[in-house]
Amino acid sequence: MYRVRLWAVKRSRFLEGIYNSVNPAILLLLRGATKVFGKSLDRLITVMEAQLKGFLFDCKMCGDCTLSKSGMSCPMNCPKTIRNGPCGGVRNNGMCEVKPDMRCVWVAAWDGASRMKNGAAIETIEFAVDHRGKGKSTWLKLAREKGLAGE
Amino acid sequence: MSSTKHKTDPAEMLPRLPGHVSQGRFEQVLRAGHFAVTTEIAPPDSADPAEVLKRATMFDGYVDGINATDGSGGHCHMSSLAVCAILTKAGYSPIIQFSCRDRNRIAMQGDALGAAALGVANVLCLTGDDVSAGDHPEAKPVFDLDSISLLQTLRVMRDESRFLSGRKLDTPPLLFMGASINPFVPPLENRAEQLAKKIAAGAEFIQSQYCFDLDILKRFMARAVDMGLTEKCFILIGVGVLPSARTAKWMRANVPGVHIPDAIVKRLQGAAKPQAEGRAICVEMMQKIKEIQGVSGIHVMAYRQEKWVGSIVKKSGILADRKPWAPTQ
Ligand code: SF4
């Protein structure tokens, strides 16, 4: 939801704190679950992720989540899906060039990042998204990656 | 070079000097420490190559590089690649514009090889305007890459001699790589960091959006100098020629990313000859911009006012007594 999305950017520091404290636990849990149940819970977990992140960030399930590196503002809401924004078309009032009723997601991203502990992460380059990941869960991807904490 | 009997050289390339990435003249001018001037050519709505050359000749002796826009504003015109091929063959130093709006990474890597094969030595990497801004709003926007990913892609091709996929290239495209910046629109306080990202991705020269606001530019350039960015790339600042107060107002309302302060609009409104005033404003801007530390050149964007580019550059005196090379001289 647009309103919630704006709130999330305003509370980027708070959300970052939550993310950092619960994420490792969630990933461990998911890792255990995927070991026991294989792929049978994938659908459910993906739907849960889509619902939660959809509500909070208007997440588009690109499959390669950058929220922690983009000030809690989802770049896939940018009409040009820029991963290293903003573009040069931002309006003087900070609204999007293409959608005048929407705050530029990258103006929001730099703003959100300015309040985050690890906000400088926005200065690193994100290469264009892998389109094969669309609709897939980032959580499951991370859970299945090697070298997770506790291993 | 191969020993084929076919003619393969569409354009003559310069020898690559030490410390240079390309075989083009534009890079040589900048690296020699000259204050450079570039302009842009509006690709014709025509399949006639003479149309392109006619437009280019107007700039002879005043510019070091000519940008060929790539469907700018989402409007169809002759492709940037074709314009650059025609210009290159005639001896000009074109800068091909790559917009991510219309092509995906497969097409763009192919075009990079094609452009270099045709003798194009410079590329400007842009994300591009949205399709909704143009005359085909019903088109599918691509945006597979963004400008920074595109810079990285071309650098991989040039410096590692491979495609993104890892597949090897026999001959890498020796392109001098550029990007755009717009320091005049939000988030003003982060535009220098974004410039740093573009440089980190591979930008070696920068052409900015129109500058009509010197205060903002000065603050931005001071940051860029502080961050050491002007040591790492050549920054050319964009200037524009406004024909009337009405056009100025229309542009700032309708062209994405154009910031024109009220003072400029008022000056045009109050002028007896607004067209001449618009050119005078441009000349003043160029002179003042040249004084700012870290600026390496000027990029003149004079859409539909191309015939004035030469006299504006001359009047400004920014070239001092240097005369840029042109094929007709
Ligand atoms: S203004 Fe912002 S949200 Fe809109 S297209 Fe540009 S970067 Fe994306």
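Worth a mention:
- Hits among lysines - C-alpha to C-alpha of B:Lys197 under 23 Å, sequence gap 8 or more where chains match: A:Lys69, A:Lys80, A:Lys117, B:Lys218, B:Lys232
- Over all Cα atoms in the range B:83-187, the spread is summed up by Rg and Dmax: 14.5, 43 Å.
- Overall Cα dimensions of the protein assembly as shown - principal axes, largest extent first, Å: 77, 65, 44
- For a paramagnetic label modelled on A:Arg115 (point 7 Å from Cα along Cα→Cβ), amide N atoms under 14 Å away belong, within the range A:73-109, to A:73, A:108-109.
- Bridging of A:Lys136 to aspartates and glutamates at a Cα separation below 19 Å is possible for A:Asp42, A:Glu49, A:Asp58, A:Asp64, A:Glu126, A:Glu145, B:Asp144, once same-chain residues fewer than 8 apart are set aside.
- Positive dipole terminus of the protein assembly as shown, leading residue within B:Leu164, B:Gly297, B:Leu17 (C-beta point charges): B:Leu164
- If R0 equals 41 Å, the separation of the Cβ atoms of A:Lys39 and A:Met95 corresponds to a calculated FRET efficiency of about 0.45.
- Distance from the Cα centroid of the range B:146-195 to that of the range B:35-107 is 19 Å (rounded to whole angstrom).
- Length gained when the stretch B:Ser244-B:Arg162 is fully extended (0.36 nm per residue, less Cα-Cα span): 24.6 nm
- When the listed pairs A:Lys10/A:Lys141; B:Lys140/B:Lys290; A:Lys99/B:Lys290; A:Lys99/A:Lys134; A:Lys35/B:Lys198 are checked against a 31 Å cut-off, the alpha-carbon distance exceeds it for B:Lys140/B:Lys290; A:Lys99/B:Lys290; A:Lys35/B:Lys198.
- Spherically averaged projected area in nm², based on the convex hull that wraps the Cα atoms of chain B: 17.2
- Restricting the range A:3-85 to trypsin sites (Lys or Arg not before Pro) in coil, as DSSP defines it, with at most 14 other Cβ within 10 Å: A:Lys39
- Reported to the nearest whole Å, the Cα centre-to-centre distance from the range A:57-122 to the range B:255-290 is 33.
- Sorting B:His136, B:His259, B:His75 by the number of Cβ atoms found within 10 Å of their own Cβ, with the fewest placed first, yields B:His136, B:His75, B:His259.
- Chain B: most fluctuating residue of B:Ala200, B:Ala56, B:Ala36 per GNM, C-alpha cutoff 10 Å: B:Ala200
- Cα pair distances in the range A:93-134, grouped into 5 Å bins until the bin that holds the longest one, percent each: 6, 19, 18, 16, 23, 16, 2, 0
- The charge dipole of the protein assembly as shown, taken about its Cα centre with unit charges on the Cβ of Lys, Arg, Asp and Glu (plus for the first two, minus for the last two), comes to roughly 880 debye.
- Given chain B, longest segment not containing exposed loop GluC sites (Glu not before Pro) (DSSP; at most 11 other Cβ within 10 Å): B:139-329
- Across all directions, the average flat footprint of the convex hull enclosing the Cα atoms of chain A is 9.1 nm².
- Here the range B:46-68 is scanned for amide nitrogen atoms under 12 Å from the site 7 Å beyond the Cα of B:Ala32 along Cα-to-Cβ, giving B:64.
- For B:Lys218, B:Lys323, the sequence from fewest to most other C-beta atoms within 10 Å is B:Lys323, B:Lys218.
- Here the residues B:Val37, B:Val255, A:Val36, ranked from fewest to most Cβ neighbours within 10 Å of their Cβ, fall in the order A:Val36, B:Val255, B:Val37.
- The Cα atoms of the range B:1-132 cover 44, 39, 30 Å along the three principal axes, with the biggest extent listed first.
- FRET efficiency for the B:Asp321 to B:Ala271 pair, using the beta carbon distance and R₀ = 25 Å, is estimated at 0.20.
- Helix-only CD estimate at 222 nm, as mean residue ellipticity for chain B, using -39500 (n - 2.57) per DSSP H run (n ≥ 4): -11500 deg cm²/dmol
- Here the relative contact order of chain B, from alpha carbon pairs under 8 Å that lie six or more residues apart, stands at 19 percent.
- For chain B, there are no membrane-span-like helices by this rule, meaning no whole DSSP H stretch whose C-alpha atoms cover at least 20 Å of axis and whose Kyte-Doolittle mean is 0.5 or above; this says nothing about an actual membrane.
- Neighbouring partner chain Cβ atoms per residue of B:182-191, average, 10 Å criterion: 6
Since every read-out is calculated from the coordinates, none of them should be taken as a lab result. Owing to the predicted nature of the structure, the values given are computational and were not obtained by experimental measurement. All Cβ positions, even for glycine, are placed from backbone atoms using ideal geometry, and neighbour counts span all protein chains on display.
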